[in-house]
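Right, one structure below, let's go through it.
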Amino acid sequence: MKSRDLFSDAMHLMPGGVSSPVRAIKPYPFYTSYASGSHLFTVDGKKLIDCCLAYGPMILGHGHPQIQKAIATQLKNGWLYGTPIPIEPKFARLITNDHPSIDMIRFVSSGSEATMAALRLARGFTGKKDIVKIEGGFHGAHDAVLVKAGSGATTLGVPDSAGVLADVVAHTRQVPFNDPESLETLLANNNDVAALIIEPILGNIGPILPEKNYLKEVRSITRSHEVLLIFDEVITGYRLGIGGAQVKFGINPDLTTLGKIIGGGLPIGAFGGKKEIMEQVAPSGPVYQAGTFSGNPLSLTAGFATLQWLHHHPKMYVKLDEMSRMIEDAVTDRGNGSFVRLGSMFKYFFRNKPPRNYSEVKECDTGIFNQFWMRMLKRGIFLPPSQFETNFLSVVHSKQDTETIAWAYQSCL
Ligand SMILES: *Cc1c(COP(=O)(O)O)cnc(C)c1O
């Protein structure tokens, strides 16, 4: 069956025809039949260079032989036990070694679950009620973080989804990214804040980069008000390098959430941080958290193999940076928009200056983006189908892939 027919079936059976909203490309999404290396192959017989990489996890590309082998070995031994498995402490040791701020870690099944648990933990540990997030920051699809942007720090949060109670998000405040003064003012006037949760690079509307010293100021402001700092590194963890954004920028958050890359393409999430905080998690402490699939053997196996591979090939981050820079060099000065990049995270914004925060990124011309996106697809490049999602490269994108991507940008802008 072709994509168009599959989608018209799915439309009647699944809300919007999809399992997650961003996939509902108009007029219909392409269906993938298989993927290999840097390419997706569609049921319609098209071969596409993949710059979406499942929204971040597939840093080693698709079907990587070493990951495939690791998963196959685990499969022979069964795939879910409901008991601890030997790889867990090894994996925990690897992640804690890579992140000076993480002494202990809990594995869960998704990034959303990780941020939900981290926020509960922050409240349980501090005994305080409110949380602060960044406007436009994304932390998954659970109630406390589904707050309308622009509702501001001093007013109560307004639900960004039907079904979220105003009472629940009344405890969620927001401040703009790259604006330490707003954060300082908010915390100076509210002594009931348990935590600030922040993507160090806004990845789900970006990348939007932190200005010089912004993250350092965020660390010192939160510390001086005794507010826990939660770095949501679900995208940036192992994407910007070993140790993610916190090592790159030299910041020591109190808690960190991880996901995406650390599962090697299988479902995973994790939260970790300082020992005295993490020891509050059940069963060692009173903050409840549990999951049937937590520490899933297949996810841990694929993730551990991925992180080991990255450790054995540290120069790959340099290569990823160089390949992305090639695209940047080809695209900068094209069109009226702006190209923003950090390592292998990049985006062309249809706005004449790089956006600094949510209200600026909303000024982008999404109509023009959608036309541009379709032209790129026709040239064989699959970018995330939204002006507000980050593009990625993997370690198996070749020089020729990057040249093709650069050429496509040049001819589509
Ligand atoms: C993807 C993402 C999440 C949610 O992770 P899921 O595994 O999709 O639940 C949370 N935070 C950030 C920063 C993300 O990019």
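If you check Met374, Met345 for being surrounded by fewer than 16 Cβ atoms within 10 Å (Cβ to Cβ), closer than 21 Å to Ala54 by Cα and among the hydrophobic types (A, V, I, L, M, F, W, C), only one passes: Met374.
For segment 328-361, residues that are in contact with a Ser or Thr (Cβ under 6 Å, 6 or more places away or on another chain) and hydrophobic (A, V, I, L, M, F, W, C) total 4.
Residues checked against (1) aliphatic (A, V, I, L, M); (2) in contact with a strand residue (DSSP E or B) (Cβ under 7 Å, 6 or more places away or on another chain):
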position	(1), (2)
Arg219	no, yes
Ile230	yes, yes
Arg239	no, yes
Lys260	no, no
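If you take the residues of segment 208-263 that are of a type in the set (D, E, K, R), buried (at least 19 other Cβ atoms within 10 Å of the Cβ) and over 11 Å from Leu196 (Cα atoms), which of them is farthest from the ligand (Cβ to nearest atom)? Step through it out loud before you land on a result.
Looking only at segment 208-263, we keep the residues that are of a type in the set (D, E, K, R), and these are 211-212, 216-217, 219, 223, 226, 232-233, 239, 248, 254, 260.
Checking the rest, the ones that are also buried (at least 19 other Cβ atoms within 10 Å of the Cβ) come to 219, 232-233, 239, 254, 260.
Next cut, over 11 Å from Leu196 (Cα atoms) only: 233, 239, 260.
Numbers: Glu233: 7, Arg239: 10, Lys260: 6 Å.
Among residues in segment 208-263 that are of a type in the set (D, E, K, R), buried (at least 19 other Cβ atoms within 10 Å of the Cβ) and over 11 Å from Leu196 (Cα atoms), the one farthest from the ligand (Cβ to nearest atom) is Arg239.
Screening Gly269 on (1) surrounded by 17 or more Cβ atoms within 10 Å (Cβ to Cβ); (2) within 20 Å of Leu342 (Cβ to Cβ) shows it passes everything except condition (2).
Summed over segment 107-134, the residues that are away from the ligand (no atom under 15 Å from the Cβ), under 22 Å from Asn252 (Cβ atoms) and not in a helix (DSSP H, G or I) give a count of 2.
Evaluate segment 15-24: report whether one residue or more is more than 24 Å from Ser110 (Cα to Cα) and either out of contact with any strand residue (DSSP E or B) (no Cβ under 6 Å at 6 or more places or on another chain) or polar (S, T, N, Q) (or both). Scanning segment 15-24 turns up no residue that is more than 24 Å from Ser110 (Cα to Cα) and either out of contact with any strand residue (DSSP E or B) (no Cβ under 6 Å at 6 or more places or on another chain) or polar (S, T, N, Q) (or both).
FYI, it's all coordinate maths here, none of it is from the lab. As the structure is a prediction and not an experimental result, all values here were calculated from the model. No Cβ is skipped: glycine too gets one built from the backbone with ideal geometry, and neighbour counts run over all protein chains shown.
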